[in-house]
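Working notes, beginning with the structure itself.
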Amino acid sequence: MNELNTQLAQINDLLCVINVLNWDARTQMPPGGTETRGHQLATVSAIAQERLTAPALLTALEKAEANLSTLNDREARAVRQAREAVDLLSRVPEGLTRELAEAKNRAQAVWARAKGENDFAAFAPELERMVALNRRLADAIGFEEHPYDALVRQYEPGMTAGTLQTLFAGLRTGLLPLLNEIRAAPEPRADFLTRDYPEDRQRAFALEIAQAFGYDLTRGRLDASAHPFEISFTRQDVRITTRYRRDFLPGALFGTLHETGHALYEQNIDPALTRTVLASDLLGLYAVGGTSYGTHESQSRLWENRVGRSRAFWAHHFPRLQEVFPEQLADVTGEEFWRAVNRVRPSLIRVEADEVTYDLHIMLRVELEMALMDGSLRVADLPEVWNAKVNDYLGVTPPDFASGALQDIHWSAGLFGSFPTYTVGNVMASQFYAAARKGVPGLEESLARGEYAPLREWLTENVYRHGRTYSPAELLERATGQGLDPAPYLAYLRGKYAELYHLTPQGETA
């Protein structure tokens with residue numbers, strides 16, 4: 001087992017190197033570095049795959065498997081996960097791994113320019129290449145019913161196109177009637193959200209809240225990027241980014257809180273798991289401690305929405321925000337601010353969407369991904385179909401590509417299959433939060449006082465510290481006593497927005 005652990009630790013080191021290269025490319029790297037950075041990423045990715053499928057590791061893995069009965073549960077799970085990854089990666093040609101790494105780096109650079117210039121045609125060839133490569137990847141991984149099944153497995157084990165369609169159908173039956181009721185109600189005031197908010201003060205306040213939640217800046221940092229993200233190089237170095245709009249306060253603020261939720265997960269993994277298979281996504285060749293993308297999103301959405309958009313949060317923190325922006329918020333109350341940042345208004349941008357419409361943004365993307373993967377949708381037709389679906393789901397139409405089919409970084413990064421994990425995360429977040437309320441006496445009162453340690457400590461004990469020891473389904477069952485269930489999430493949304501919009505239980509405005 002020691003030899004296997006040593007080799008897997010070195011592979012984790014390589015995956016952390018890949019993360020560093022990606023972080024730099026998305027935050028600091030000059031544009032001229034794109035081509036050579038692609039070669040660097042391809043080389044390190046190929047080396048990691050080679051090490052995972054090399055005879056030396058296979059020999060060490062076989063020895064560990066032969067002694068499986070002598071290992072503790074955590075060690076045995078690590079061995080089984082290593083075997084699953086080795087068997088899968090053995091089916092993926094090394095050349096495809098290199099092609100994907102190079103294509104991702106190039107496509108992200110082209111996407112960033114194309115989005116800035118509102119030029120879908122410039123990005124289309126890169127997207128066509130990325131779609132083709134992911135179809136090849138799906139074929140290599142293998143699937144029974146839909147190529148999307150192979151891709152989503154990398155991000156959310158146990159999910160398939162079929163199970164997602166069932167989940168989405170159930171959510172739509174709850175979300176769409178609620179959205180229609182809200183549309184018929186008077187809107188809260190929100191004019192003050194688009195005043196002039198200097199970026200340095202936005203950053204200072206957001207970082208203050210991130211630290212209050214428990215984000216450790218001795219093991220982290222906050223930077224700016226075109227698309228907010230969190231990335232870790234072991235639990236000792238967990239970085240987040242956000243993006244600023246001087247004329248829209250909620251964007252950077254809630255973006256930072258969202259990424260802080262991810263960072264709390266990574267920073268609070270058991271130190272004993274550092275540089276092990278239980279802090280490594282060997283299938284995706286990604287250094288990450290969270291057990292799945294959906295479980296990770298449950299934490300970002302929990303801290304962003306269940307905590308950061310709550311009435312109690314703004315009753316406590318709004319006076320401080322007024323100190324930071326005294327002129328901009330002089331005529332605003334904490335109650336008005338809470339209502340404004342929870343306003344439901346169908347909009348074009350996913351990362352700025354309200355809680356009620358957010359999952360509709362996810363559903364349309366997943367439908368488009370599935371169609372791209374099975375060949376029923378051509379890249380050339382994507383903008384038109386995107387616009388039609390946005391109009392169908394949300395009643396709005398993008399005026400340009402930047403707010404339409406070019407708005408997300410995911411497809412340029414090759415993350416086909418990752419979008420559904422945001423909705424899975426929303427559902428999980430409500431289940432985890434409900435379990436924490438039962439498990440922590442006085443939790444709501446502590447949150448109202450701005451004391452976040454009790455919630456963070458419960459999540460650390462029940463979610464974070466385990467890393468990838470358990471599957472997402474096992475972890476959810478252990479923490480909540482239930483499997484994935486959208487009912488608590490829909491009940492939360494109904495309760496919150498009935499109060500905020502003065503809706504009666506029958507769905508009429510009071």
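Some observations on this one:
- Wholly enclosed helices (runs of 4 or more DSSP H) of segment 57-151 bearing at least 3 residues open to solvent by less than 80 Å² (accessible area, probe 1.4 Å) and farther than 27 Å from residue 292 by Cβ: 94-117, 120-141
- Among the residues making up segment 312-344, those that are touching a residue at least 40 places away in the same chain (Cβ under 8 Å) and open to solvent by 30 Å² or more (accessible area, probe 1.4 Å) are 312, 315, 316, 320, 331, 336, 339, 343.
- Of the criteria (1) buried (at least 18 other Cβ atoms within 10 Å of the Cβ); (2) of a type in the set (A, V, I, L, M, F, W, C); (3) farther than 22 Å from residue 355 by Cβ, which one residue 171 fails: (3)
- Residues of segment 9-26 satisfying the condition of being open to solvent by 10 Å² or more (accessible area, probe 1.4 Å) and of a type in the set (S, T, N, Q): 10, 22
- Check on residue 204, small (Gly, Ala, Ser), under 30 Å from residue 334 (Cα atoms), at pLDDT below 95 and more than 19 Å from the chain's Cα centre (by Cα): no
- Looking only at segment 472-497, residues that are open to solvent by 40 Å² or more (accessible area, probe 1.4 Å), closer than 22 Å to residue 81 by Cα and hydrophobic (A, V, I, L, M, F, W, C) come to 1 in all.
- Tally, over segment 345-369, of residues that are open to solvent by less than 20 Å² (accessible area, probe 1.4 Å) and in a helix (DSSP H, G or I): 15
- Looking only at segment 262-289, and only at residues there that are small (Gly, Ala, Ser) and surrounded by fewer than 24 Cβ atoms within 10 Å (Cβ to Cβ), the one that is farthest from the chain's Cα centre (by Cα): 272
- Qualifying residues in segment 416-446 (those that are among the aliphatic types (A, V, I, L, M) and touching a Lys or Arg at 6+ places or on another chain (Cβ under 9 Å)) - the one farthest from residue 359 (Cα to Cα): 443
- Inter-residue pairs, beta-carbon under 6 Å, first under 14 Å from residue 175 (Cα atoms) and in segment 347-369, second among the polar types (S, T, N, Q) and buried (at least 23 other Cβ atoms within 10 Å of the Cβ), 6+ apart: 355/305; 359/423; 362/423
- Only residues that are part of a helix (DSSP H, G or I) and without any contact (Cβ under 8 Å) to a residue 24 or more places away in the chain were counted across segment 26-40, and they come to 4.
- Number of residues in segment 437-468 that are over 19 Å from the mean Cα position of the chain (by Cα) and surrounded by fewer than 23 Cβ atoms within 10 Å (Cβ to Cβ): the value is 22.
- Condition check for residue 202: without any contact (Cβ under 8 Å) to a residue 40 or more places away in the chain and either surrounded by 21 or more Cβ atoms within 10 Å (Cβ to Cβ) or under 21 Å from residue 308 (Cβ atoms) (or both): no
- Residue 259 within 18 Å of the chain's Cα centre (by Cα), open to solvent by less than 10 Å² (accessible area, probe 1.4 Å) and more than 23 Å from residue 445 (Cβ to Cβ): no
- Within segment 174-199, the residues that satisfy the criterion of being in a helix (DSSP H, G or I) and open to solvent by less than 20 Å² (accessible area, probe 1.4 Å) are 175, 178, 179, 182, 192, 193.
- Matching residues, segment 396-423, being out of contact with any Asp or Glu (no Cβ under 8 Å at 6 or more places or on another chain) and open to solvent by 50 Å² or more (accessible area, probe 1.4 Å): 397, 399, 400
- Scanning segment 215-252 for residues that are open to solvent by 10 Å² or more (accessible area, probe 1.4 Å) and touching a Gly at 6+ places or on another chain (Cβ under 9 Å) gives 226, 228, 230, 234, 235, 237, 239, 243, 244, 245.
- Test for residue 297: is it surrounded by fewer than 18 Cβ atoms within 10 Å (Cβ to Cβ) and at pLDDT 95 or above: no
- Residue match in segment 425-435 (condition: modelled with pLDDT of 95 or more, crowded, with 18+ Cβ neighbours inside 10 Å, closer than 19 Å to residue 346 by Cα and touching a helix residue (DSSP H, G or I) at 6+ places or on another chain (Cβ under 9 Å)): yes
The values are calculated or read from the model by the stated rules, or taken from the named source; none is laboratory data. Predicted model, so just to flag it, every value in this text is computed and none were measured. Glycine also receives a Cβ, built like all others from the backbone with ideal geometry; neighbour counts cover every protein chain displayed. Areas reflect the complete protein model, heavy atoms only, side chains present, ligands, DNA and RNA absent. Shrake-Rupley method; radii C 1.70, N 1.55, O 1.52, S 1.80 Å.
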